[in-house]
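Here's the structure, in structure tokens; my notes come after.
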Amino acid sequence: MSGWQGLALSLFRRVREETTRMADMAGRGLTGPAGDPDANSPAWLLWHIARGQDRNLSEIAGLPQLYVSQGWAERFGRPADPSDTGYGHTAAQAAAFRGAGAPGAALLTGYLDAVHARVEAYLAAAPAEDHARIAPSPTLGTAQTVEERLAGQLADSLAHLGQLGLLLGPGRVTP
């Protein structure tokens, strides 16, 4: 695959590799860092990356979010709300991803895998001119081009991967 689709897919694959690696490395540390109790936990960051990708790719492709349509919200013990992506979460809402009730690595990577399959399917079928198409977001009430939405989602995913690296600490994350 070449063109913008190939570039986007390469970046999404890199994010997927890194999220999987970090979920595996985090192990029991998924529920929270040893330091700041108000920092987002690794589990929340992984969930948020997947939710953002699910929302954006589903809305771009004109499909229902996997989080709702495939029962992932229920598996996470959360409401089936397509707007619940972590964007704008309070510290109390993010705290649901700490302690005994926090999702484990298998649940998080399962959801990340399902979302990544949607990413792959969309980018494999996207026409060359689709990057310029306006793709409204019913959950955000915005309208941007596909290119802007994908760029924003990739930037968000990469920023949160950096946060994960910091939370997991030196020596546990390799460049």
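Observations on the structure shown:
- In region 153-166, residue farthest from GLY88 (Cα to Cα) [restricted to those that are open to solvent by less than 60 Å² (accessible area, probe 1.4 Å) and touching a residue at least 24 places away in the same chain (Cβ under 8 Å)]: GLY165
- Set VAL146, VAL115: member being of a type in the set (Val, Ile, Thr), in contact (Cβ under 8 Å) with a residue 60 or more places away in the chain and under 22 Å from GLU74 (Cα atoms): VAL115
- Test: residue in region 117-124 that is among the acidic types (Asp, Glu) and open to solvent by 20 Å² or more (accessible area, probe 1.4 Å): yes
- Scanning region 37-72 for residues that are open to solvent by less than 40 Å² (accessible area, probe 1.4 Å) and over 27 Å from GLU148 (Cβ atoms), we see that the one that is modelled with the highest pLDDT is GLY71.
- For region 85-97, a residue qualifies if it is crowded, with 18+ Cβ neighbours inside 10 Å and over 26 Å from ARG14 (Cβ atoms), and the qualifying residues are ALA95, ALA96.
- Within region 42-95, the residues that satisfy the criterion of being assigned to a loop (DSSP other than H, G, I, E, B), in contact (Cβ under 8 Å) with a residue 40 or more places away in the chain and among the small types (Gly, Ala, Ser) are SER83, GLY86.
- Positions within region 131-147 being surrounded by 15 or more Cβ atoms within 10 Å (Cβ to Cβ) and either of a type in the set (Ser, Thr, Tyr) or not in a loop (DSSP other than H, G, I, E, B) (or both), in sequence order: HIS131, ALA135, SER137, THR139, GLN144, THR145, VAL146, GLU147
- Given (1) of a type in the set (A, V, I, L, M, F, W, C); (2) at pLDDT 95 or above; (3) in a helix (DSSP H, G or I); (4) touching a Phe, Trp or Tyr at 6+ places or on another chain (Cβ under 9 Å), number of the condition LEU9 does not satisfy: (4)
- Filter result for SER41 (hydroxyl-bearing (Ser, Thr, Tyr) and under 20 Å from SER137 (Cα atoms)): no
The values are calculated or read from the model by the stated rules, or taken from the named source; none is laboratory data. Bear in mind that the values here come from a model prediction, so they are computed numbers and not experimental data. Methodologically, a virtual Cβ is constructed for each residue, glycine included, from the backbone with ideal geometry; neighbour enumeration extends over all protein chains shown. Please note that ligands, DNA and RNA were not included when accessible areas were found on the heavy atoms of the full protein model with its side chains. Shrake-Rupley method; radii C 1.70, N 1.55, O 1.52, S 1.80 Å.
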